[in-house]
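Novice: Quick one: this structure, given as structure tokens, is what I'll be asking you about.
Values in this text are rule-based calculations from the coordinates and carry no lab data. Everything quoted here is computed from the prediction, not taken from an experiment. Note: ideal-geometry Cβ built from the backbone for every residue, glycine included; neighbour counts use all protein chains shown.
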Amino acid sequence: MSGLLNPVVLRITLRATLGRKRALVFTLVPLVLIVISVLLKLVAKSPVWPEEFLGVFGFSVVLPLTALIIGTSVLGAEIDDGSVIHLLATPVSRLSVVFSKFVAAVILTIVFGAIPEFLAAAVARGFGDKLGIGLLTGALIASVAYNALFVMLSVVTTRAIAVGLLYLLVWEGLLGNLVGGVRVLSIGQYSVSVANSIVHASALNAHLTLQTAIVMAVVVTLGTLALATRRLSSFSIKGDAA
Amino acid sequence: MSAIELRNVSRWYGNVVAVNDVSMVIGPGVTGLLGPNGAGKTTLLNLMAGFLAPSRGELTVGGRPSWRNPDVFTTLGLVPDRDSVYAFLTGIDFVRSTAKLHRLVDPDAAARRAIGIVDMADAQDRRISTYSKGMRQRIKVAAALVHDPQILLLDEPFNGMDPRQRLEMMDLLEKMGEEGRSILFSSHILEEVERISGTIQVVVGGRLAASGDFRAIRRLMTSRPHVFLVRSSADRALGAALIGRPAVTGVELTPRGLQVRTADFGTFARELAGLCRDSGIRLREVLPSDESLESVFAYLVAQ
């Protein structure tokens, strides 16, 4: 395992990602989650608003979009502007490049997505409540699996954000609600099902067993990272005559 | 051992052939890869650096294929043509990071050495985003040199440099070539590489059109026929005087002026002014009429 995570790549990626304009979008996420939670606590009538807002909305909109913006930019932005060549013109293994980029994306998503979910849950029910623990655990699964998928998309296509959005809206959002089988291939379901195994709330709308959710999340993460490594190993630059 | 070897390498995209059956051997010293824009120079460099798979043929760098083999970068350095670097880093930070990516024992010393070579020590603590084009080019060279590679590929390294920076870069390449490294750079401007000695490979339309000694190619360039359009106060009289000169091989009267063909550009240029002065003719305009790069390269190809 030693050498898989390259500290130089990790450090430069964190700096670069936080320095881009897109960072404005995901650095606002914690603020939005916590402010809305405070407001809902004051005005909401439904006793399960934390499950509905932080669980359903948080896990189907906030976390996936945060991961989408971060996961597609850690490596994708460098591929787009060509600076990735300075990284690839070194003997660092492509697996190590992909893994380090992935870890950077996971760290940022945890900081700007998962931990705010936990804090917002604490606003709703206090720090000791199982809601916060459950949402944090589920959000960690989401941070890992979504970023593996989105990093892979950014290597495979230059339209990673569009493809990622399609996956979230059409596959997870639309088909996931209509066709039961799709849920087994839905990262949103893995994370919310893991959260539900701790929270036990029907309002979370979870459909998978804990075991299925964890096994599938691991399979999706490893599979997409392997594919990303494979594709990055064949990274090509088209020349002047093309 | 030859640093880079291409045997019958072709690369195509769909129906477009970017590199067509190129064989070449790049050894120690400086080699220029010359050709007009779109000739396939960048494609060739990308093939060599392993950022493109040959569609056909064999390509080795230091005896190993470079495609899907990042280990070639232990002995290979690449200066890409695109200007994109991690602009938020300082120069020294960028070069030191590259040294760490190469897992050098003392990245700090290696970075300082490389920055010293390109003479960027004064600006090393500034962010790259504040650098001029020439400085960015030099910091990219420093990063490519940080692991002391035996082979260095540079894509259009003189682009955007002012004449002084260009001369310095040429001297730097020369020096590295003399140290026994294999230096390959690409350029689409023949004149900008006139100071470099060594060999050149001329690429036109994806094919290797000519290769050989820089001096021989330069001689060909100065002795090739030039065509000028000359306008004066008395075209016919000037034409009559010009045709008597050995340097002039043809004169034609056209409505736009005199079309003068010369086999010896230098002598013609020197004699024209004196000739006009002696015969009291006022010279209005002298225009080279076939100086496009394509015509220069086409001429070289024909030789």
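Novice: Where the convex hull is taken over the Cα atoms of the range A:43-96, what is its projected area averaged over directions, in nm²? Numbers along the way, then the final one.
Specialist: On the way: hull surface 22.6 nm².
Quarter of the Cα hull surface area: 5.7 nm².
Novice: Would you mind working out the magnitude of the charge dipole of the protein assembly as shown relative to its Cα centre, with +1 at each Lys and Arg C-beta and -1 at each Asp and Glu C-beta, to the nearest 20 Debye? Kindly include the intermediate steps, with their values, before the conclusion.
Specialist: On the way: 53 positive and 43 negative charges, 99 e Å.
Approximately 480 debye in magnitude.
Novice: Filter the trypsin sites (Lys or Arg not before Pro) in the range A:1-58 to those in DSSP coil with at most 15 other Cβ atoms within 10 Å of their Cβ, and list the result.
Specialist: Answer by residue number: A:20, A:21, A:45.
Novice: Let me ask something else. Once you have a ≥ b ≥ c as the square roots of the Cα gyration tensor eigenvalues for the range B:48-196, tell me rounded if a/c is under 1.5, and otherwise prolate or oblate according to whether a/b is larger than b/c.
Specialist: oblate
Novice: Counting only pairs 8 or more places apart or on different chains, how many lysine pairs in chain B have C-alpha atoms closer than 23 Å? Intermediate values should be presented prior to the final figure.
Specialist: On the way: B:41/B:133; B:41/B:140; B:100/B:140; B:133/B:175; B:140/B:175.
So the count works out to 5.
Novice: Here's a follow-up. Quick check on the exposure proxy: order A:56, A:218 from fewest to most C-beta atoms within 10 angstrom.
Specialist: Listed from fewest to most nearby Cβ atoms, that is A:218, A:56.
Novice: Rounded if a/c is under 1.5, else prolate if a/b is larger than b/c, else oblate: which is the range A:135-190, with a ≥ b ≥ c the root eigenvalues of its Cα gyration tensor? Each step should come with its number before you reach the end.
Specialist: On the way: a/c = 2.38, a/b = 1.16, b/c = 2.06.
Oblate shape, in that a/c is at least 1.5 and b/c is the bigger or equal ratio.
Novice: Could you give me D for the range B:62-136, from Stokes-Einstein at 37 °C and 0.692 mPa s, where the hydrodynamic radius is the Kirkwood radius over C-alpha pairs? Units µm² s⁻¹, please.
Specialist: 243
Novice: Further, regarding this structure: Once all Cα-Cα distances of the range A:104-236 are split into 5 Å bins that start at 0, what whole-number percent is in each one?
Specialist: Distribution as computed: 2, 11, 17, 22, 20, 14, 8, 4, 1, 1, 0 percent.
Novice: Follow-up. Test of understanding: in a Gaussian network model of chain B with alpha carbons linked when under 10 Å, which of B:241, B:109, B:39 would top the mean-square fluctuation ranking?
Specialist: B:241
Novice: For chain B, set up a GNM with springs between Cα atoms under 10 Å and report which of B:233, B:129, B:186 has the largest fluctuation.
Specialist: The residue that fluctuates most here is B:233.
Novice: DSSP beta bridges in chain B, what fraction antiparallel, as a percent rounded to 5? Write down the numbers at each step before the final one.
Specialist: On the way: 36 of 54 bridges.
Around 65 percent antiparallel, to the nearest 5.
Novice: Can you give the net charge of the other residues whose Cβ lies under 15 Å from the Cβ of residue B:278, counting K and R as +1 and D and E as -1?
Specialist: +3
Novice: In the Gaussian network model of chain A, springs joining C-alpha atoms below 10 Å, which of A:32, A:74, A:192 carries the largest mean-square fluctuation?
Specialist: A:32
Novice: Determine the distance separating the Cα centre of the range B:159-186 from the Cα centre of the range A:67-83; give it in Å without decimals.
Specialist: 33
Novice: Also, I was wondering about something else. Would you mind checking which residues have amide H under 5 Å from residue B:211's amide H? H placed 1.01 Å from N; only 5 or more apart, or other chain.
Specialist: Placed amide hydrogens put B:202 under 5 Å from residue B:211.
Novice: What is the log10 of I(q)/I(0) for chain B, computed with the Debye formula using one identical point scatterer on each Cα and no solvent, at q = 0.11 Å⁻¹?
Specialist: -0.75
Novice: Over the C-alpha atoms of chain A, what are the Rg and the largest Cα-to-Cα span, Dmax, in Å?
Specialist: Reported Rg and Dmax, both Å: 18.3, 65.
Novice: Grab the beta carbon distance between residue B:122 and residue A:11, set R0 = 30 Å, and tell me the FRET efficiency rounded to 0.05.
Specialist: 0.70
Novice: Give me the angle, in degrees from 0 to 90, between the Cα long axis of helix A:29-43 and the longest principal axis of the Cα atoms of chain A, rounded to the nearest 10.
Specialist: Approximately 10 degrees, to the nearest 10.
Novice: What does the protein assembly as shown give for Rg and for Dmax, in Å, if only its C-alpha atoms count?
Specialist: 31.1, 106
Novice: A follow-up question, please. Are there GluC sites (Glu not before Pro) in the range A:33-136 that DSSP marks as loop and that have at most 11 other Cβ atoms within 10 Å, and which are they? Display every interim value, and only then the final one.
Specialist: Numbers: sites: A:51, A:52, A:78, A:117; in loops: none.
The qualifying sites: there are none.
Novice: Another question, if that's okay. Taking the range B:112-214, which trypsin sites (Lys or Arg not before Pro) meet the DSSP loop condition and have no more than 13 other C-beta atoms within 10 Å?
Specialist: B:195
Novice: Follow-up question, since we're still on this one. Would you list B:187, A:96, B:197 from fewest to most Cβ contacts within 10 Å?
Specialist: Working: B:187 21, A:96 18, B:197 14.
Fewest-to-most ranking of B:187, A:96, B:197: B:197, A:96, B:187.
Novice: Would you list, by chain and number, the lysines whose Cα falls below 23 Å from the Cα of residue A:130, excluding same-chain residues fewer than 8 positions away?
Specialist: Once the sequence-local lysines are set aside, what remains near residue A:130 is A:41, A:45.
Novice: Where does each of B:5, B:179, B:156 land when they are ranked from fewest to most other beta-carbon atoms within 10 angstrom?
Specialist: Details: B:5 19, B:179 11, B:156 23.
Result, fewest neighbours first: B:179, B:5, B:156.
Novice: If the only charges are +1 at each Lys and Arg Cβ and -1 at each Asp and Glu Cβ, what is the size of the charge dipole of the range A:32-110 around the Cα centre, to the nearest 20 debye?
Specialist: For this selection, approximately 200 debye.
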